[in-house]
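**Student:** Quick one: the structure is below, questions incoming.
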Amino acid sequence: MSSFDSYFYCMVKKISLLGATGSVGENTIAVVMAHPDKFKINSLSFYQNVKKGRELIRLLQPKMVAVGTQALANELSLEFPNVIFTYGVEGLSEIVALPEIDIVLTAVSGSVGLLPTLTAIELGKTIALANKETLVMAGSIVTDLARRKNVQLLPVDSEHSAIFQCLQGERLAEVDQLMITASGGSFREKSRLELENVTLSDALKHPNWSMGQKITIDSATMMNKGLEVIEAHWLFGLDYDKIKVVLHKESIVHSMVHFVDGAVMAQMGASDMREPIQYALSYPRRIPMKQPKPFDLTTIGALHFEKMDFQRFPLLALAYESGKMGGTAPTMMNAANEIATAAFIAGEIPFLAIETYVEKAIKMENYVKHPDLTTILTVDTETRNLVKSWL
């Protein structure tokens, strides 16, 4: 065993987990609990799920916890006197800044992940990224800072993890295109006409994955795949014309890389989020998966792939358009989508109205080609307020 291997197998990585009570957070905790000799969660955050948050504090014994409000932080401090509590977006930045933290896993949903991720990069922490919106909103700023600080951005989404794994030992200059697979979401068998009267309950019945409400709705509109295209552009530094989306209903092939010599490398596996999470946490080594989900291609029998229908999924086309525009266009698209999706979840608008509001927001005149961070945050807030005014 090399000295590096000896060091790797002896060290315990200290983790800050943003979004501990969500689906990615739950799977992260499962990985950590399965390998207590490899990982320890030293700080975590949760927002609304206080019951589960209390359980996690008792289970994980973190040093520091960020919650949604000051009132909740004060309440929990009395209940858990040995834990430091903080709150809000500032609190997220505080828990990633603990000096002992090695890796920050950003599993929060939405734009709230941006500032704590930048804080962690500034401090030289490795980033395990499950928050697409961080790169969608400010990809240039985040990746530039990561390069300057020599910080690794390790993808946690199954699609980006698949591409990352396929690229190990390969030259990016020899990549012809990335092929991101898409399940098609809850409504993949429905026509545009049939989508007019779908309900929230219908939308949350994803055929392959168990995820939170927002990401499941994004999967149904295909906005989730649009966000992944923009994220892939920043993670792997390829033009949008070299990033394709392929419909693959089985969700067995998580993504593929097509090389200039015609070879195609694909990463396959069960629909189990623990796999990409564990790979990000253990990188650059692999460790055994405890209680893996069964995976046997002989029982699956066949895999199917189809071209993506951009007329059926107009938000995917809009994501490509906003990505190519760059600047604040992806920020505006993401902000509008978050507000419109929340309105659908709350029963305020029909499903197809999500597309209407996002497209309308992209056409507003507050687009900035080369924004700084302040401008991005301002445009994000302005777009959210504007879409709320339309509801």
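**Student:** Residues that are in contact with a Cys (Cβ under 6 Å, 6 or more places away or on another chain), touching a residue at least 24 places away in the same chain (Cβ under 8 Å) and either more than 30 Å from H35 (Cβ to Cβ) or not aromatic (F, W, Y) (or both): does segment 263-272 have at least one?
**Tutor:** Just the residues of segment 263-272 that are in contact with a Cys (Cβ under 6 Å, 6 or more places away or on another chain), to begin with: 265, 267.
From what is left, the residues that are touching a residue at least 24 places away in the same chain (Cβ under 8 Å) are 265, 267.
With the extra rule that they be either more than 30 Å from H35 (Cβ to Cβ) or not aromatic (F, W, Y) (or both), the set shrinks to 265, 267.
Looking through segment 263-272, at least one residue is in contact with a Cys (Cβ under 6 Å, 6 or more places away or on another chain), touching a residue at least 24 places away in the same chain (Cβ under 8 Å) and either more than 30 Å from H35 (Cβ to Cβ) or not aromatic (F, W, Y) (or both).
**Student:** Can you name every residue in segment 221-259 that is closer than 16 Å to Q165 by Cβ and open to solvent by 30 Å² or more (accessible area, probe 1.4 Å)?
**Tutor:** L235, H258
**Student:** Can you pull out the strands (runs of 3 or more DSSP E) entirely within segment 1-109 that have at least 2 residues that are more than 24 Å from M137 (Cα to Cα)? Spell out the reasoning first.
**Tutor:** Numbers: elements: 13-18, 39-45, 64-67, 84-87, 103-106.
Where strands (runs of 3 or more DSSP E) fall fully within segment 1-109 and carry at least 2 residues being more than 24 Å from M137 (Cα to Cα), they are 13-18, 39-45, 64-67, 84-87.
**Student:** While we're on this one: Basic (K, R), without any contact (Cβ under 8 Å) to a residue 24 or more places away in the chain and farther than 19 Å from L315 by Cα, is that true of K190?
**Tutor:** Working: basic (K, R): yes; without any contact (Cβ under 8 Å) to a residue 24 or more places away in the chain: yes; farther than 19 Å from L315 by Cα: no.
No; evaluated as a whole, the condition is false for this residue.
**Student:** Of the residues D218, D272, which single one is closer than 18 Å to F164 by Cβ, modelled with pLDDT under 95 and within 19 Å of the chain's Cα centre (by Cα)?
**Tutor:** Numbers: D218 fails: closer than 18 Å to F164 by Cβ.
Going through D218, D272 in turn, just one is closer than 18 Å to F164 by Cβ, modelled with pLDDT under 95 and within 19 Å of the chain's Cα centre (by Cα): D272.
**Student:** Scan segment 304-319 residue by residue and report those that are hydrophobic (A, V, I, L, M, F, W, C) and either open to solvent by 60 Å² or more (accessible area, probe 1.4 Å) or at positive phi (or both).
**Tutor:** F305, F310
**Student:** Test each condition in (1) more than 23 Å from T143 (Cβ to Cβ); (2) in contact (Cβ under 8 Å) with a residue 24 or more places away in the chain; (3) open to solvent by less than 50 Å² (accessible area, probe 1.4 Å) for Q213 and report the one that comes out false.
**Tutor:** The number of the failed condition is (3).
**Student:** Can you name the residue in segment 261-292 that is among the β-branched types (V, I, T) and not in a loop (DSSP other than H, G, I, E, B) and is also least open to solvent (accessible area, probe 1.4 Å) among such residues?
**Tutor:** Here is the first cut: in segment 261-292, the residues among the β-branched types (V, I, T) are 264, 277, 287.
Filter once more, keeping what is not in a loop (DSSP other than H, G, I, E, B): 264, 277.
On the way: V264: 74, I277: 0 Å².
For segment 261-292, the residue satisfying everything is I277.
**Student:** State whether one or more residues within segment 121-142 are closer than 21 Å to H233 by Cβ, assigned to a loop (DSSP other than H, G, I, E, B) and open to solvent by less than 10 Å² (accessible area, probe 1.4 Å).
**Tutor:** Yes, that holds for at least one residue.
**Student:** Search segment 344-370 for residues being under 23 Å from the mean Cα position of the chain (by Cα) and over 19 Å from P314 (Cα atoms), and hand back the single one that is surrounded by the most Cβ atoms within 10 Å (Cβ to Cβ).
**Tutor:** Start the filter on segment 344-370 by keeping residues that are under 23 Å from the mean Cα position of the chain (by Cα), which leaves 344-346, 351, 354-355, 357-359, 361-362.
Then keep just the ones that are over 19 Å from P314 (Cα atoms); that gives 345-346.
Working: I345: 16, A346: 10.
Ranking the candidates gives I345 first.
**Student:** Let me ask you something else. So which of V104, V83 is within 24 Å of D218 (Cβ to Cβ) and not hydroxyl-bearing (S, T, Y)? Reasoning before the result, please.
**Tutor:** Details: V83 fails: within 24 Å of D218 (Cβ to Cβ).
Selected residue: V104, the only one of V104, V83 that is within 24 Å of D218 (Cβ to Cβ) and not hydroxyl-bearing (S, T, Y).
**Student:** Taking segment 232-255, which residues are touching an Asp or Glu at 6+ places or on another chain (Cβ under 8 Å) and more than 14 Å from E306 (Cα to Cα)?
**Tutor:** Matches in segment 232-255: A232, H233, K242, H254.
**Student:** Condition test on E306, is it in contact with a strand residue (DSSP E or B) (Cβ under 9 Å, 6 or more places away or on another chain) and of a type outside the set (F, W, Y)? Step through it out loud before you land on a result.
**Tutor:** On the way: in contact with a strand residue (DSSP E or B) (Cβ under 9 Å, 6 or more places away or on another chain): yes; of a type outside the set (F, W, Y): yes.
Yes, satisfied.
**Student:** With the condition kept exactly as written, say whether any residue in segment 147-156 is open to solvent by less than 10 Å² (accessible area, probe 1.4 Å) and more than 18 Å from the chain's Cα centre (by Cα). Before you say what the answer is, go through the steps one by one.
**Tutor:** Of all residues in segment 147-156, those open to solvent by less than 10 Å² (accessible area, probe 1.4 Å) come to 154-156.
This time we only want the ones that are more than 18 Å from the chain's Cα centre (by Cα), so: none.
The answer is no, given that none of the residues of segment 147-156 is open to solvent by less than 10 Å² (accessible area, probe 1.4 Å) and more than 18 Å from the chain's Cα centre (by Cα).
The values are calculated or read from the model by the stated rules, or taken from the named source; none is laboratory data. Computed from a predicted structure; not experimentally measured. Neighbour counts are summed over all protein chains in view; Cβ atoms, including those assigned to glycine, are modelled from backbone coordinates with ideal geometry. Ligands, DNA and RNA are stripped out before the accessible areas are found, and what is left, the full protein with its side chains, is counted by its heavy atoms. Shrake-Rupley method; radii C 1.70, N 1.55, O 1.52, S 1.80 Å.
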